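Okay, so here's the structure we're looking at.
Just so it is clear, none of the values below were taken in a lab; they were calculated from the coordinates. What you see is a predicted model; the values in this text were computed from it and never measured. Quick reminder, even Gly has a Cβ in these numbers, built from the backbone with ideal geometry, and neighbours come from all protein chains shown.
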């Protein structure tokens, strides 16, 4: 008995020490939740589940790349919490973020009789988080879910703020809603298994934060290697997103600044048949928009030079492989269209962007000004 008590005390001490070493960011939106960032954050899943009331069954939703690495560990943590653990694994890639996979997950939940008091876990990158969040928002008119991002892109951006969606043939994220998770567990250790291409894609979103609202952060990313201080990188981005989402949860004003690079980036993704990685599209979109901003007098040469320099540093593309006509057609389906106008996020300098409402008819002018071939 004495030995067992010591073991229990040691486990408690380890759990307490783990939490002390983590950064906790509280999100105060329509439903409040905490984001835990730090090594071992996934290990906090049992505590999060026990904290939520009446959960009996938890379904882990993941893709075919991530589940083989972290799936069994996640299921084990759910069982540690005294709950039934299930899993649904879909083929990795943007192509699975569609109506077909969405319907398959819903049927899976019905077959296993999950109730409104149960929960889902989104284990993976942005596709998994967006898809699982939309399932959670709509299954039985709402079921709780937890985000466990395993990519840099998901950690710094898509897992926070409550945007959920699936794609249609017309474009990205055309069907979705705002629905907040009950917790986000962000473990930087999972980034060690990321392919280099996926880490680079995450850096596009990281650079976006510096461009739209944090010049000192941008300079630090330029001067240092982000991998050397990745916990702080994630914490900075998440804190910035928390602040802007708290002020504009439903994306009616200031939150649109987070779309810097995305309008033309999403258009490029569509033109590629969604073979282009999201971060690659965002990087291209930021470069095109910044060059166009210089052409139209919003920013100076230095802003363009610094953005292109940081994209080069992190191995991100600067040029669009598609024509003005192709990208214009794709951009006309963008969800940021408002009638015959579209909101563009335009940089004035490093650390400051503005939202410009322009006629859809001039999209091609902006693309051409940004150096896209006709």
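For residue 219 and residue 140 in the same chain, what is the full-extension length gain: residue separation times 0.36 nm, less their Cα-Cα distance, in nm?
So the extension gain works out to 23.8 nm.
Just to be sure I understand: with springs between alpha-carbon atoms less than 10 Å apart, which residue in 264, 90, 296 has the highest mean-square fluctuation in the Gaussian network model of the chain?
Comparing 264, 90, 296 in the GNM, the peak value goes to 296.
At a temperature of 10 °C and a viscosity of 1.306 mPa s, determine how fast the chain diffuses translationally according to Stokes-Einstein, using the Kirkwood radius over alpha-carbon pairs as Rh; express D in µm²/s, rounded to the nearest whole number.
It comes out at roughly 75 µm²/s.
Counting alpha carbon pairs within less than 8 Å and at least 6 residues apart, what relative contact order, in whole percent, applies to the chain?
For the chain, the relative contact order is 14 percent.
Cut-off 10 angstrom, C-alpha nodes, Gaussian network model of the chain. Which of 356, 228, 269 fluctuates the most?
Per the Cα network of the chain with a 10 Å cutoff, 228 tops the list.
Can you pull the Rg over Rh of segment 293-374, Cα-only, Kirkwood?
Rounded to two decimals, Rg over Rh is 0.97.
Sorted from largest down, give the three principal axis spans of the alpha carbons of segment 96-138, whole angstrom values.
26, 19, 15
For the chain, what proportion of DSSP beta bridges, expressed in % and rounded to the nearest 5, is antiparallel?
45
Give me the number: length gained by fully extending residue 197 to residue 243, i.e. 0.36 nm times residue separation minus the C-alpha to C-alpha distance, one decimal in nm.
13.7 nm
Would you mind checking the tilt of helix 262-271 against the longest principal axis of the Cα atoms of the chain, expressed as 0 to 90 degrees and rounded to 10?
Approximately 90 degrees, to the nearest ten.
Any idea how far apart residue 108 and residue 254 come out in nm if each label point goes 7 Å out from Cα toward Cβ?
That separation, rounded to one decimal, is 3.8 nm.
Could you work out Rg/(2.2 N^0.38 Å) for segment 120-228, with Rg from alpha carbons only?
1.14
Between residue 308 and residue 323, what is the label-to-label distance in nm when each label sits 7 Å out along the Cα-to-Cβ direction?
Using points 7 Å along Cα→Cβ, the separation is 2.5 nm.
Ratio of Rg to Rh for segment 20-192, alpha carbon only, Kirkwood?
0.93
Please list, in order, the residues from segment 146-186 whose amide nitrogen is less than 15 Å from a point placed 7 Å along the Cα→Cβ vector of residue 24.
Residues 183-186 fall inside that zone.
Taking Cα atoms, how many degrees apart are the long axis of helix 99-111 and the longest axis of the chain, rounded to 10 and kept between 0 and 90?
Approximately 10 degrees, to the nearest 10.
Restricting the count to DSSP beta bridges whose residues both fall in segment 20-192, what percent are antiparallel, rounded to a multiple of 5?
30
In a Gaussian network model over the chain where Cα atoms closer than 10 Å are linked, find which of 241, 76, 349 has the largest mean-square fluctuation.
Comparing 241, 76, 349 in the GNM, the peak value goes to 76.
By how many degrees, 0 to 90 and rounded to 10, does the Cα axis of helix 278-295 deviate from the longest principal axis of the chain?
Computed tilt is about 30 degrees.
Return, ordered by residue number, the residues of segment 225-247 whose backbone nitrogen is under 17 Å from a label point located 7 Å along Cα→Cβ of residue 73.
231
Which value at 222 nm does the chain reach when only helices count, each DSSP H run of 4 or more adding -39,500 (n - 2.57), with the total divided by all residues and rounded to the nearest 500 deg cm²/dmol?
Result for the chain, helices only: -13500 deg cm²/dmol.
How far is the Cα center of segment 314-372 from the Cα center of segment 127-184, in Å?
25
What number, in nm² with one decimal, is the all-direction average of the projected area of the convex hull of the alpha-carbon atoms of segment 195-369?
The Cα convex hull of segment 195-369, projected and averaged over all directions, gives 9.4 nm².
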